[in-house]
Structures are given as structure tokens and as C-alpha cells.
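Read through the structure below, which is laid out as C-alpha cells, and then see the notes.
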Amino acid sequence: MPFEEHAADSAVLALYRQVFAVLARDANQMVDDPALVRVDELILNAFASAGPAGLTVEQVIAACGDTSPVAVRRRFEVLRSYRAVTKVNERPNEMFYQAAFAPYVMLLFLRRLAQTGGLGELHQMLSIARLSIEDADTTLEQAQAQLQDLANVFRLLANPIMQMAKSGTVESLRSSAQPMLGNSELIDKATVFHNLATEKWPQLLPECTQLRMALAAYRDAVNAAARRLIDRAGRTRALGLLPAEKWRSFARDATGDELAAALDGLLFDAPNPHFTVDDLLDAVEEGLRTDTGRTPPPRPRIDDEPGPEQVGADMEAELLATRAEELLAGRDEVTVAELLDTAGDWAAGRRVLSDLTAIGLRPELPYLLTWGDGLRINVVGDLTWVTDGWFRRRTPAEAPA
């Protein structure tokens, strides 16, 4: 190997050793305790504040405050073994050390990676790749390497999302895959880069095809994960699929018609509910009334009495099923408007709507509550407007799997 190539490889290896020093628990081992990373950060902060003169080991321990001196000495030795911390002057009996900047950059990168899942870095990577395509000095080999790298990145993004969407728990999908959802801008940037590379270098068509297939796999995985989250949480509660900034920007910039369109199909309380003063006073007094009676102690269970785990009855489900049969009154389907008209005033109608909603949210019950786009308006009635809705029995084909 020529000397120049050996020197270049040695420089790269030295940089890698410095960067990954904060991940080493001991020599040739990776760290598995976040507290150790915190100690590394304290050590590097101490060196940053010390200036070019450096610090001795004892000064580093003093700068780390309440941290255990044993832990600081151990992490200092690990950082020194990876040359993330070196002597100020390479001479015998040198007591002062200085730190390289690469380990602290790695800490910042890891913190950002934990917060964004690496998507922020991927956005920057795509922006740089697009600029490189437009640069006249970019060679065919460089563009080929960028296409291969991006294809691998999107495959590695798509694989765990698709796996969680198919067989993972909803909790793991919500905690792990949700930061990766809602990234249409990411796919758009990668598509623009793909199109530019195809136009500029037609001979890179195989690599462009691989990137296009990786983007399609990522898009399918995101759609599958989003569908499962929506099916589990319901459309009105799946607001986490977009970052909060998107919702705030929409609320500030949207027109009145766009905001109203987001509420189509939802049923709200009457705009002007009429309550007498006596009804309001009774409600306040009833809410302030407290039960001063003492709660009796639990009664000891006899051996032959079935325990709570043996009963296994869902009392709420039984009550909701009884209420559903009362509302259907022997019929297979009834409209929500009819049930509200039968209830009479709005106070009774609200109780009917509450019961219907509770029944519709229990998939184990053989009933379905569906809503339509129609609207019945009656300006002289107690219920001024009612959205089309139907409450019916669930057919065997509609039973949940």
C-alpha cells in the first residue's frame, strides 16, 4: 500500500475512534448505560471551558461536580484509550490533557438522532445530494454512490415500519413508527433527486430503479402503518400522524370554508340550548353535594364464593347491550333522527347520543353506528339540525376478526 493511502486510512480510522469513543463502555466494547454518556458529556464540557491550557485528571473530576470520581476516572481512561482525550504535549510526565471536538459532535448528533429518528439528517442529506447533482464537478461515480446510499436508507426505513404494521403491537407502532410518518416532503425530495439523476446520467438507470423501488417500499410501509393506527384509534383521534406545527399552521392559514370542511360529518350540541335558571341552580347544587357517608370495609370472601377473576362479566357491556335493544325495540335498523325525535327535548337526546356512541365504540357488541353526509334542518323544533345516522345490528359478515 502506498504511504499516501495508508496515511489517509489511518486518519479516517483515528477520526472514527474519536467519534465512537462516547459509545465505548470499555476498550473494544460499546456502552449500554445512558449515565455513562452523561459522564462523557460532563468531561467534554469541562475541557471546553478550560481553554487551550487543558486540565489534569483531578481538575476534570472536580469540574464534574457530584459525579462519582470512580466513574469519571473510568470514563476518562476510556476516552484516553480512544484518543478522544490526549496529552497537551506528548512528553513524559505530562499531566495536562485536552479533548478533541469529534466526540462532542457525536454526542450532539446522537441527541438529535434520538429526538427526530434521523429524519432531519436525511432531509439534509437529500438537499446536499440534489445540490451535488446540479454541480458540474460531480462525477458519475459520486452520483452512483449517492443513489445507492439513499436506496439503502429508504429500505432500512421501510423494513421495520412494515414489520410493525403487520405483526407488531399498536403501542410499539405508535412509539417507534409514528415519528417516521407524515413525511411526504421526504419522498418528494428523493423523487426530485431521482429525476435529476436520471436526466443527467441515463447510464445510472439501474441505480435509479433501485432508489425508486426503495421509495415505493417506504411509501407502502408508511401507508400500512397509518391505516393500522387510524383503524385502531379512529379518524377523529389520529391527530398524531402529523406534527403539531402542521396543525397550528393549518389553523392560522386556512380559510373559514376549509376550517368548516374539517368538521363535516360531526354532530355537536345545539347552538342555543335553553336552560331555565332553576335548572342551572339545581345542577350547581347537585354538583356541590358530597357524600359524607362512610364507606364500609370490604367483606371477607367465603371459600365457596366466586372471586372477581371467576366472575368475568363485563357489566358495562351487558348494560350497553340492554340499552341497544331498548333503542332498537325489536327492529334491525333505526335512524338516529328517529331516536332523537322519540327522546323529545335536547337533554334526553344528548343521553341517547351518549349511549349510541358508547355502544358503537364496543366492537364486541353486535351493533354498528354509522354516519352519513346528509343534514336535516328544523328551525322550529328542539333539535334544529340532525346529521344523518343509522344504528343497526351487525351482520355475521361484519363481525370483527
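The values are calculated or read from the model by the stated rules, or taken from the named source; none is laboratory data. Treat the numbers as computed from the prediction; the structure is a model and nothing was measured. Backbone-built Cβ (ideal geometry, glycine too); neighbour counts: all protein chains shown.
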Taking the residues in the range 17-76 that are of a type in the set (S, T, N, Q) and more than 24 Å from M95 (Cα to Cα) as candidates, determine which candidate is modelled with the lowest pLDDT.
N28
I'm trying to understand the selection: among the residues of the range 344-401, which are among the small types (G, A, S) and in a helix (DSSP H, G or I)?
A347, A348, G349, S354, A358, G360, A397
Restricting to the range 55-86, what's the tally of residues that are outside any helix (DSSP H, G or I) and in contact (Cβ under 8 Å) with a residue 24 or more places away in the chain?
8
What is the residue count in the range 85-103 for residues that are within 40 Å of the chain's Cα centre (by Cα), within 17 Å of S49 (Cβ to Cβ) and either modelled with pLDDT under 85 or not assigned by TED's automatic domain parsing to the domain that holds L42 (or both)?
3
Could you please give the count of residues in the range 344-385 that are within 25 Å of T322 (Cα to Cα) and among the aliphatic types (A, V, I, L, M)?
11
Listed residues D264, D291; which is modelled with pLDDT under 75, closer than 30 Å to S184 by Cβ, acidic (D, E) and exposed (fewer than 11 other Cβ atoms within 10 Å of the Cβ)?
D264
Just checking, which of T357, T335 is within 20 Å of L263 (Cα to Cα), in contact with a strand residue (DSSP E or B) (Cβ under 8 Å, 6 or more places away or on another chain) and of a type in the set (S, T, Y)?
T357
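To keep it simple, each residue is scored yes or no on (1) within 30 Å of P363 (Cα to Cα); (2) at pLDDT 85 or above; (3) in a helix (DSSP H, G or I).
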residue	(1), (2), (3)
P179	yes, no, yes
G182	yes, no, no
E185	no, no, yes
T191	no, yes, yes
E207	no, yes, yes
D220	yes, yes, yes
G240	yes, no, yes
The residue from L126, L122, L156, L147 that alone is assigned to a helix (DSSP H, G or I), loosely packed, with under 14 Cβ neighbours inside 10 Å and either outside the structural domain of R38 (by TED's automatic domain parsing) or modelled with pLDDT of 80 or more (or both) is L156
Modelled with pLDDT of 80 or more, more than 27 Å from L229 (Cβ to Cβ) and assigned to a loop (DSSP other than H, G, I, E, B): does that describe T138?
yes
Residues (crowded, with 16+ Cβ neighbours inside 10 Å, more than 36 Å from the chain's Cα centre (by Cα) and more than 14 Å from A48 (Cβ to Cβ)) located in the range 58-75
I61
Please specify each residue of the range 369-389 satisfying the condition of being at pLDDT 80 or above and touching a helix residue (DSSP H, G or I) at 6+ places or on another chain (Cβ under 7 Å).
L369, R376, V386, G389
